[in-house]
Structures are given as structure tokens and as C-alpha cells.
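Peer 1: Before I ask anything, here is the structure I am working with.
All of the numbers you see were taken from the coordinates with simple rules; none came from a lab. None of the values given here were measured: they were computed from a predicted structure. Reconstructed Cβ throughout: ideal geometry from the backbone, glycine too, with neighbour counts over all protein chains shown.
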Amino acid sequence: MTERHEKRKLRVCLVGPAYPFRGGISHYNTRLAREFEKRHDVSIINYKRLYPSFLFPGRTQLDESGSALSITSERLIDSINPFTWIRAGLHIAAMKPDAVVFQWWHPYFAPALFTIAAIVRAARRSRIVFICHNVVPHERSPIDRLLSRVAFSVPHGFVVQSGEDRDNLIRMRRGTPVTVHPLPLFDFFRTGAIDREEARGRIGAGDGPVLLFFGFIRPYKGLGYLLEAMPIIRKEIDAELFVVGEFYEDDAPYRALADAAGGHVRFVDRYVGNEEVEAFFIASDLVVLPYVSATQSGIVQISFSFDRPVVVTAVGGLPEVVADGKTGFVVSPEDPGAIAGAVVRFFREGWGERMAPHVAGERKRFSWESAAGAVEELLESL
């Protein structure tokens with residue numbers, strides 16, 4: 001039995017989105033809760049409303065998957081109703097938790113999370129931790145740093161997922177305990193029910209190399225640079241690119257770049273249900289993430305869960321999780337030539353077979369057991 005399993009059982013309250021909300025933060029919160037449930041008493045305080053509809057750029061905030069990742073939670077928090085923040089804080093305090101773990105990803109939620117955390121801290125001796133998915137947002141406004149500083153004044157400690165986020169956090173709150181642990185694998189999409197041939201049939205891919213860009217589309221994702229790289233790639237490799245994700249901005253410029261690439265780009269402009277994810281990753285040979293900025297990426301961790309190498313740009317925490325020449329290639333950002341060169345090299349030199357064992361070998365480093373252990377060790381140290 002390891003030292004971590006010998007530690008005392010805790011009452012842990014997780015505050016963050018869960019089913020019926022969709023997306024990576026909801027999946028993370030749920031998966032972490034399931035890991036904690038192996039050793040602790042766990043409850044989840046969920047949102048009644050995340051974003052008002054006029055602020056959300058997508059079609060729906062709800063998970064309409066046929067196989068949603070669900071868990072029991074109490075839906076108490078409305079992001080625009082301060083009375084619900086107070087009620088949630090008092091409710092959590094009445095639960096007498098040993099620890100309250102908040103999911104943080106955008107300053108929009110700072111007033112709500114500050115209020116809830118401050119009430120709990122004033123009423124109980126609970127240890128309060130923020131798990132920061134982005135210390136500062138990708139697309140920033142002048143008020144973001146002020147809101148973040150206010151919210152960050154309450155927690156006893158923080159968990160971040162990259163060195164860049166650690167540095168950003170320390171600049172805002174010096175002296176507070178900060179644990180760095182990489183984003184774990186999003187491995188719940190993998191069922192092993194289909195092989196490569198069936199997967200390609202499902203998504204309509206041909207017999208040649210398949211590239212995959214996955215995730216919603218916003219400027220910081222850098223999709224335009226990958227589309228500009230496609231004509232260069234096509235001169236050397238008969239590859240097709242699948243762009244799978246909902247547009248959160250005007251799609252016309254991207255479609256124009258795709259047309260210029262000769263029609264070898266296929267768009268799946270929607271949020272893909274959980275049961276569909278596997279086919280796209282099993283069918284692909286290489287996942288390409290040409291981000292302009294990033295702290296970390298859940299898409300990398302989905303890729304690794306399917307043993308798929310990646311091409312990423314040298315921004316944020318991506319070089320911390322992608323070992324250049326082992327689990328993928330790390331290239332210069334905003335450089336279509338560099339992206340194209342890495343893709344062509346991958347196929348010309350047979351890097352797929354060489355990288356696959358290294359990708360599979362990263363599972364322990366990116367396990368949920370390890371992530372939960374990092375939070376437990378931080379709580380123990382506070």
C-alpha cells in the first residue's frame with residue numbers, strides 16, 4: 001500500500017461544472033471526482049447556469065451525447081445570480097467538508113467563486129484549493145487580471161497544469177502554495193470497439209494519411225496556419241485534413257483557405273458527441289494543434305489516450321507534455337512552413353511506429369491517480 005492510500009479519508013467538495021454541461025472542464029471535474037471517490041467522501045456542487053446565452057458563442061452548453069459522462073451533483077450556482085452564490089457558500093459550509101476544490105478557468109466566474117469560497121473560509125476551517133485550467137484567459141480584457149486577483153485572494157493553495165500558469169499565478173499571488181501537475185489523459189472516450197478500417201469508414205476518410213484538428217475554433221487555436229500549410233503538405237504527401245469542432249467565430253476565412261488547399265479539408269462544424277470521438281482519433285494518423293497561445297491542451301491528452309502522436313507549437317505548456325521526437329514534434333508558432341515540414345517528415349521517415357511506444361509509455365505520468373494524488377498532497381501540506 002502506498003503512502004497516499006494510507007492517508008485519512010476526507011470529506012471533499014468539488015465545485016465546478018458537471019453533467020449536463022459539456023466540455024473539458026466538466027469532464028475533468030467528473031473524472032477527478034470518480035478518482036477521489038475511491039478513497040474519500042465526495043460531493044459535487046454544480047452550476048444551474050454557466051453562461052447567459054448571449055455570452056456563449058456555441059450552439060448549446062449542454063452535453064447531448066448518447067453516452068454522456070455523468071455523475072450525481074447538486075445544481076446550485078447561477079453565474080449571474082449573487083443570491084445563489086451565497087446559498088451555495090452556506091450550503092457547502094453546512095456540509096462541513098475537510099476540503100473544497102474549485103475548478104477555475106475564466107475570470108468571468110471570479111465574483112461567484114470568490115463569494116462562495118469566502119463564505120466557506122469564514123464559516124469553516126476547510127482547506128480551499130483552486131485547480132486552474134487557465135490562470136489568465138486566452139482572449140483577455142483589461143479587467144481580467146483584477147477579477148483574478150480578487151478570486152485568488154481566498155484559496156489556501158493552487159494546482160496548475162503548466163509552468164507558464166505557475167509563473168502567471170505567482171505574479172498575482174506570491175508566497176501561496178502552488179502544485180504543478182500536467183493535465184491527465186481524457187481516456188474515457190476510448191472503448192476499443194472499432195478498428196482503423198471501421199473508423200475510417202465511419203468518418204468517410206480515404207486510404208491515405210489522415211490529419212486531425214480537433215476542438216472548437218477560436219483565433220488562438222491557429223487553425224489558419226495549418227490550412228496555409230496544407231498546399232505545402234499536399235505537394236509531398238497525399239494527406240487529407242479533418243477539422244472537427246464548432247466554429248466560435250466567422251468560418252468564411254477558414255473555408256477560403258481550405259478551398260485554396262484544393263478541397264482536401266473536411267469540416268465537421270459541430271460539437272462532437274462522446275460516442276463519436278473515438279472514430280476520429282482511431283482513423284487519424286497524426287493530430288495537429290497549431291496554437292498561437294496555450295497553457296495546456298485537453299486535445300493532446302485525448303490524442304495520447306489513443307496512442308496518437310501530435311504536432312504542436314512551442315507555446316505555453318505544450319512543450320512540457322509533448323516530448324519532441326518521441327511523442328510528437330514541437331514547431332515554431334505561426335509558421336505554416338514549420339508545420340508542413342513536421343507533417344511531411346512524420347510520414348516520409350516513418351515516425352508513427354517509432355513514436356507509438358513512447359506515447360503509450362506516458363500513461364502513468366498522465367494518470368488520474370497521479371492527478372488526484374497531487375491534489376491530496378497539496379491538501380495534506382496546507
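Peer 1: So how much slack lies between Ala94 and Arg149, counting 0.36 nm per residue of separation and subtracting their Cα-Cα distance, in nm? Spell out each step's value before the answer.
Peer 2: Working: separation 55, 0.36 × 55 = 19.80 nm, distance 2.69 nm.
In short, 17.1 nm is gained.
Peer 1: Additional query: Under a Cβ-only charge scheme (Lys and Arg +1, Asp and Glu -1), can you give me the dipole magnitude of segment 29-114 about the Cα centre, in debye to the nearest 20? Before the final figure, lay out each step's value.
Peer 2: Working: 10 positive and 8 negative charges, 10 e Å.
That gives segment 29-114 a dipole magnitude of about 40 debye.
Peer 1: With label points built 7 Å along Cα→Cβ from the Cα atoms of Asp238 and Ala314, find their separation and express it in nm.
Peer 2: 3.5
Peer 1: Taking only pairs that are 8 or more places apart or on different chains, how many Lys pairs in the chain have Cα atoms under 30 angstrom apart?
Peer 2: 17
Peer 1: Would you please name the trypsin sites (Lys or Arg not before Pro) within segment 3-87 that are DSSP coil residues with at most 12 other C-beta atoms within 10 Å of their C-beta?
Peer 2: Arg8, Lys9, Lys38, Arg59
Peer 1: Where q = 0.09, 0.13, 0.14, 0.18 Å⁻¹, what log10 of I(q)/I(0) comes from the Debye formula for segment 1-157, counting one point per Cα?
Peer 2: Each listed q maps to, in turn, -0.29, -0.60, -0.70, -1.15.
Peer 1: Select from segment 93-141 those trypsin sites (Lys or Arg not before Pro) which occupy a DSSP coil region and have at most 14 other Cβ atoms within 10 Å, ordered by residue number.
Peer 2: Hits after loop and neighbour filter: Arg125, Arg140.
Peer 1: When every alpha-carbon pair in segment 269-337 is counted, what percent end up more than 16 Å apart?
Peer 2: Counting pairs separated by more than 16 Å, the tail of P(r) holds 47 percent.
Peer 1: A follow-up question, please. Please compute the modelled spin-label separation between Ala360 and Arg202, points set 7 Å along Cα→Cβ, answer in nm with one decimal.
Peer 2: With each label placed 7 Å out from Cα toward Cβ, I get 2.1 nm.
Peer 1: Can you give the three extents of the C-alpha atoms in segment 187-360 along their principal axes, from longest to shortest, in whole Å?
Peer 2: For segment 187-360, the Cα extents along the three principal axes come out at 37, 31, 31 Å.
Peer 1: How far is the Cα center of segment 106-137 from the Cα center of segment 266-328, in Å?
Peer 2: 30
Peer 1: Return the Rg/Rh ratio of the chain with Cα-based radii and a Kirkwood Rh.
Peer 2: Checking Rg against Rh, the ratio lands at 0.97.
Peer 1: If I stretch the segment between Asp167 and Asp250 completely, what's the gain in nm (0.36 nm per residue apart, minus their alpha carbon distance), one decimal?
Peer 2: So the chain would gain 26.6 nm between Asp167 and Asp250.
Peer 1: Sticking with this structure for a sec: Looking only at GluC sites (Glu not before Pro) in DSSP loops with at most 16 other Cβ atoms within 10 Å, what is the longest site-free stretch of the chain? Can you show the working numbers first?
Peer 2: Details: sites that count: Glu3, Glu37, Glu64, Glu139, Glu249, Glu334, Glu349.
Value returned for the longest uninterrupted segment is 140-248.
Peer 1: Something else now. What is the chain's relative contact order, in percent, from Cα pairs under 8 angstrom and six or more apart in sequence?
Peer 2: This gives 15 percent for the chain.
Peer 1: Here's something else I'd like to know. Would you kindly state how much longer the chain becomes between Arg11 and Ala123 on full extension, computed as 0.36 nm times their sequence separation minus their alpha carbon distance, in nm to one decimal?
Peer 2: Difference between extended and current length: 38.7 nm.
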